[in-house]
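Report on the following structure.
The values are calculated or read from the model by the stated rules, or taken from the named source; none is laboratory data. This one's a predicted model, so the numbers in the text were calculated from it and none came from an experiment. Reconstructed Cβ throughout: ideal geometry from the backbone, glycine too, with neighbour counts over all protein chains shown.
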Amino acid sequence: MSTFQELGLNPEILKALEELGFTTPTPIQEKAIPRLLQSKKDLIALAQTGTGKTAAYSLPVIQQINAESRETQALILCPTRELCIQITKDIRNFIKHSKGLAVASIYGGENAYTQILQLKQGVQIVVGTPGRVLDLIKRKKLLIGNIKYLIIDEADEILDMGFKEDLDAILSGTPAEKQTMLFSATMPRSISTIAHKYMKNSDEIRIDKDTKGAEKVEHKFYVVQSKDRYEALRRIADMNPSIYGIIFCRTRIETQEVADQLIQDEYSAEAIHGDISQQQRTNIMERFRKRQIQLLIATDVAARGIDVDDLTHIINYQLPDSIETYVHRSGRTGRAGKSGVSLSIVHARELRKISALEHKVGKKFTKANVPSVKDICQNQILHFIDTFTKVEVNETKIGQYLPAINEKLADFDKEKLIKHFVSLNFNTFLDSYEKAHDINTANTPNDRPQRARNANMKFSKFRIEVGRKDRFGIKEMFALINSDRRAKGAEIGHIDIFDIHTIFELDEHYEQIMLSGFRNIHFRGQAINLKKV
């Protein structure tokens, strides 16, 4: 294993790394840094999120930037605002002792004027999301005609979010003589196409996927009917009064719905997804880090770049599609030698996914029963008693009131006093579970054919140019699909509705029906343009 000194980095960067506590390079850093310092060839690097990719590409770029020139020399593209902010923060830490270097972040959801002012001051490194980057290029506020380095970070996520056209437009405006670096967790065909089109004679680095989970993370799953998923989540939260964790959902809509329901039921919860403003996101994350919020409900994309220690629980409200995503989710707890729990709420037909996860993670997943009402109530009461008994008593302040209090409670023996005390604090809570019933699902033989059929389902992904701004929602999405009789009953996967476009999945057997059927489909008088993603 090399050290950062052996990789060829200059003293200014090494000093910054030392102050940050960076001691030993990760595998991707060990392979990428010397190669980028010694060669001007393009680079394709395949490594999972959380492996230190930001330092792998940014440190050699920082070292080679011309600090005397204030023009933009490096452009880093990433899929989300959160990741954009995190990358910018990391680079600012790396250039702390590199005089004359500046970095700016540009992303949607914020006033562009402030970002334009940063660019006018002259920054050598720009980190941005494709939409805002393309917007500022078109407005001639971001000049990329002379950039020397182009980095595409989380390239697979950028394409999954429907930014291919934006990416093509940006790349076509960059100079031919530049070094292009493409970092991605996976190498789907779409990534290969971009690499073939815009990169020549490139090197490739592959870091073996680490699908093993963190050692001190315990994995559990609960089997319930889909309609009982939220009730299971509520009981899990109530069973763990000191819970501090992230709940992962698949879509923005589901994320907001779950958060709204939790808040309505008086849980300490907030949602974080692509539809909230950057100011809201910043405020929520600050409160979450201070533990003023116990539960953060998030999509995988929105959670990128979030680094919070001491999480007690990760809850998979829906299992992710990929094993790597599950490992990345669960790895957010059980850090720094501490223990953590990764919980999944699943339907009986998803049990084959659990078996696949066990095999790849290398651990046995425990099937747990959704807590009973009796266990929940007992846990809540005992937790309150623990808190109550640990309260520091100030004899000086309350001493003068004790005679009156003792006189008032003279007719109460210990047992009666405890009953009144508990009832005062828990009557409302107990009432909320008055009509609760067992929601655990037994694994019967009748479940098996259905599980096998759905476990092997393959989807095609499509994009249509209509979204929330057109008052387009889930109901309208189903109506459009069902408007073609040939597609009725087709299995529908993920649906992500953005402001001006929608991405959805459909059973791949219906792919040609979709492509042909949507040629004559209209929504509120507007022709629907459908493309396969």
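General observations
- Within the option set Asp496, Asp484, Asp507, being of a type in the set (Asp, Glu), crowded, with 18+ Cβ neighbours inside 10 Å and touching a helix residue (DSSP H, G or I) at 6+ places or on another chain (Cβ under 8 Å) holds for one residue only, Asp496.
- First in region 241-266 and in the same structural domain as Tyr230 (by TED's automatic domain parsing) and under 20 Å from Gln380 (Cα atoms), second anywhere and in a loop (DSSP other than H, G, I, E, B) and of a type in the set (D, E, K, R), Cβ under 7 Å, 6 or more apart: Tyr244/Arg291; Tyr244/Asp310
For every residue, the table says whether it meets (1) β-branched (Val, Ile, Thr); (2) under 20 Å from Ala232 (Cα atoms).
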{"residue": "Lys353", "(1), (2)": "no, yes"}
{"residue": "Val361", "(1), (2)": "yes, no"}
{"residue": "Asn369", "(1), (2)": "no, yes"}
{"residue": "Ala410", "(1), (2)": "no, no"}
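- Qualifying helices (runs of 4 or more DSSP H) (wholly inside region 117-188; at least 1 residues being modelled with pLDDT under 90 and not β-branched (Val, Ile, Thr)): 155-160, 164-172
- Any chance Ala455 is more than 14 Å from Asp507 (Cα to Cα), among the small types (Gly, Ala, Ser) and modelled with pLDDT under 70: no
- Residue list for region 11-31, filter: at pLDDT 95 or above and either surrounded by 21 or more Cβ atoms within 10 Å (Cβ to Cβ) or not in a helix (DSSP H, G or I) (or both): Ile13
- Scanning region 351-405 for residues that are in contact with a strand residue (DSSP E or B) (Cβ under 6 Å, 6 or more places away or on another chain) and either modelled with pLDDT under 85 or small (Gly, Ala, Ser) (or both) turns up just one, Ala368.
- Yes/no for Leu296 being surrounded by 21 or more Cβ atoms within 10 Å (Cβ to Cβ), free of Cβ contacts under 8 Å to residues at least 60 places away in the same chain and not assigned by TED's automatic domain parsing to the domain that holds Thr129: yes
- Filter result (in contact (Cβ under 8 Å) with a residue 12 or more places away in the chain and surrounded by fewer than 21 Cβ atoms within 10 Å (Cβ to Cβ)) within region 105-114: Gly108, Gly109, Glu110, Ala112
- Taking first residues from region 16-42 that are in the same structural domain as Leu101 (by TED's automatic domain parsing) and at negative phi and partners that are of a type in the set (Lys, Arg) and surrounded by fewer than 19 Cβ atoms within 10 Å (Cβ to Cβ), the Cβ contacts under 8 Å between residues at least 6 apart in sequence or on separate chains come to Ala16/Lys96; Glu19/Lys96; Asp42/Lys200.
- For region 421-434, the criterion of being touching a residue at least 40 places away in the same chain (Cβ under 8 Å) and outside any helix (DSSP H, G or I) is met by at least one residue.
- Residue ranges of helices (runs of 4 or more DSSP H) in region 252-348 with at least 3 members in contact with a Leu (Cβ under 9 Å, 6 or more places away or on another chain) and more than 19 Å from Arg234 (Cβ to Cβ): 278-289, 323-330
- Number of residues in region 70-89 that are closer than 17 Å to Leu134 by Cα and part of a loop (DSSP other than H, G, I, E, B) equals 5.
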